Structure formats: structure tokens, C-alpha cells
Amino acid sequence: MIDEDKKRSHNERMQRKKAVVDAGIERAQQERGIVLLITGNGKGKSTSAFGTLYRALGYGHRAGVVQFIKGTQASGEIIFLHQHAPQVQYHAMATGFTWNTQDWDKDKAAADEAWAHAVRMLADPALNLVVLDELTYMLKYNYLDLQAVLEALRNRPPMQTVIVTGRAAKPELVELADTVSEIRDIKHAFKAGIKAQAGIDY
Ligand code: ATP
Ligand code: MG
């Protein structure tokens, strides 16, 4: 049983909270697309990007996806996309993980080719959302020129939102992004010896 004093102070606290939220809503008057960066070492970056993609598709928004690192295993979100949302433009980098190929020139050519698709999407005002999955690695390993990437992001159509994922995001990318979330690795089942699972990990 909560006594009257506690109820009153709870109501007052909620009222103050509402005032802060209302002031925030009042302040947020701009309407434009954003750059959303999801980085950090924890699990949940790509799945978050695809969660937002499915949220956008719910409103009939148009979208494009470029994946900059392609594993040998097709991931569930891409299988679902091909089956249920074939209208989404999709391109995957035509090489395996960099630590498998160990061929910088081949990786560089694949990165350039994937980036050309990204450039096309970033110039298309019909696309409400562009997902650049694992783009950060292309910058970390210097496969793509940082300034060229920043420029393409800056010059995109004003209403277009871009989601960039990957670990070790460059500070310049953090600076440019409007929303940045860092997912922290607290623990991961794989490190405890549990196999990666279809539908959860890929
Ligand atoms: P997800 O695609 O599950 O959202 P992610 O995009 O955050 O993961 P990536 O670095 O792209 O993470 O790696 C993808 C794969 O690596 C997934 O199978 C994921 O479960 C696994 N993974 C992600 N973070 C970790 C971690 N901290 N330790 C071990 N495995 C991880
Ligand atoms: Mg990922």
C-alpha cells in the first residue's frame, strides 16, 4: 500500500518530467533526415539497423541497403528482405571477410564497387532510408577515402536518413552523425562456447 505522501510526490515528479518532455517536443521543430551511427563492440548494431529498416518499410518508405562485409552465410534479415521486400535496393560487397581473403587489392576493388552503389543511393531523393552496414571497416582499413564518404553523406537529399553500422567509427563520422549509439559488450554467448545460431546471430 502506497501512502498519500508517496503518491503526491510521485505525481509531482511525473508532472515535472512531463514539463521537460513537452519542452523538448516544442524545441524539436526541424524536419530533415538524419545520419544515425550505431557503433561499439557489443552485439546489436546490424540488427538495430535492420529493425529501423523494417520500421520504415511499415510506412511504405523506400530504402536501399549496402553491406560492406559479406560473410559466406546469408543472414536471415537479407533472406527476409529478398522474400518479402524485393523493392528494397540491395547490394553486398563481392568478397568474404577481409581476414579471410588477405588480399588488399581485391578488397579495395570490392569496396570501391560497393561504394559506387552507396553513392548512387545517397544521391537518390526517392530513397527515404539508406543502410550502410559495416561501413566503418572500409574507413578503418582505408579501403575508402574518409573525406569522400563524409562529403557524400553531407550532400545527400535533405529528407534522406542514413544508418551506418560497425565498430571503431572514426571521430569525424561521429562528429557528422546526428544520433550516435555505442553498443557496449558486456558479455556474448559465443565467448562462453555457444555456437552462432541462425536467426539470432546471422
Ligand atoms: P548483429 O548483426 O547480431 O546485430 P553486430 O552487427 O552488432 O551484430 P558485428 O560485429 O557486425 O556485430 O558481428 C556480427 C556477428 O558477430 C553476429 O553473429 C554477432 O552475434 C557476433 N558478435 C557481435 N558482437 C560480438 C561480441 N562482442 N562477441 C562475440 N560475437 C559478437
Ligand atoms: Mg554488424
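The values are calculated or read from the model by the stated rules, or taken from the named source; none is laboratory data. Everything numeric here is computed off the predicted structure, so don't read it as measured data. Cβ placement follows ideal geometry from the backbone for every residue including glycine, while neighbour counts extend to all protein chains displayed. SASA here: full protein model, heavy atoms, side chains in, ligands and nucleic acids out. Shrake-Rupley method; radii C 1.70, N 1.55, O 1.52, S 1.80 Å.
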Could you tell me what percent of the accessible area of the chain is made up of carbon and sulfur, with a 1.4 Å probe and every protein chain present? 53 percent
Do you know the relative contact order of the chain, to the nearest whole percent, from alpha carbon pairs under 8 angstrom that are 6+ apart? 34 percent
In degrees, nearest 10, the alpha-carbon axis of helix 104-122 is tilted away from the dominant principal axis of the alpha carbons of the chain by 50 degrees
What accessible area per residue comes out for the range 35-184, rounded to a whole number of Å², with a 1.4 Å probe? 51 Å²
Here the gain from full extension of residue 7 to residue 112, 0.36 nm per residue of separation minus their alpha-carbon distance, amounts to 31.7 nm
Ordering of 7-13, 86-92 by burial proxy (mean other Cβ atoms within 10 Å per residue, highest first): 86-92, 7-13
Residue 17 and residue 54 label points (each 7 Å along its Cα→Cβ direction) are spaced in nm at 2.8 nm
Which value, to two decimals, describes the C-alpha radius of gyration of the chain once divided by 2.2 N^0.38 Å? 1.22
Give me the dipole magnitude in Debye, nearest 20, for the chain about the Cα centre, with unit charges on the beta carbon: positive for Lys and Arg, negative for Asp and Glu. 620 debye
Divide by every residue of the chain the summed helix terms, -39500 (n - 2.57) for each DSSP H run of at least 4, and state the resulting mean residue ellipticity at 222 nm, rounded to the nearest 500 deg cm²/dmol. -14000 deg cm²/dmol
Hey, got the dipole for the range 91-181? About the Cα centre, +1 on K and R Cβ, -1 on D and E Cβ, debye to the nearest 20? 120 debye
Going by alpha carbons, how many degrees (0 to 90, nearest 10) lie between the helix axis of 45-58 and the longest principal axis of the chain? 70 degrees
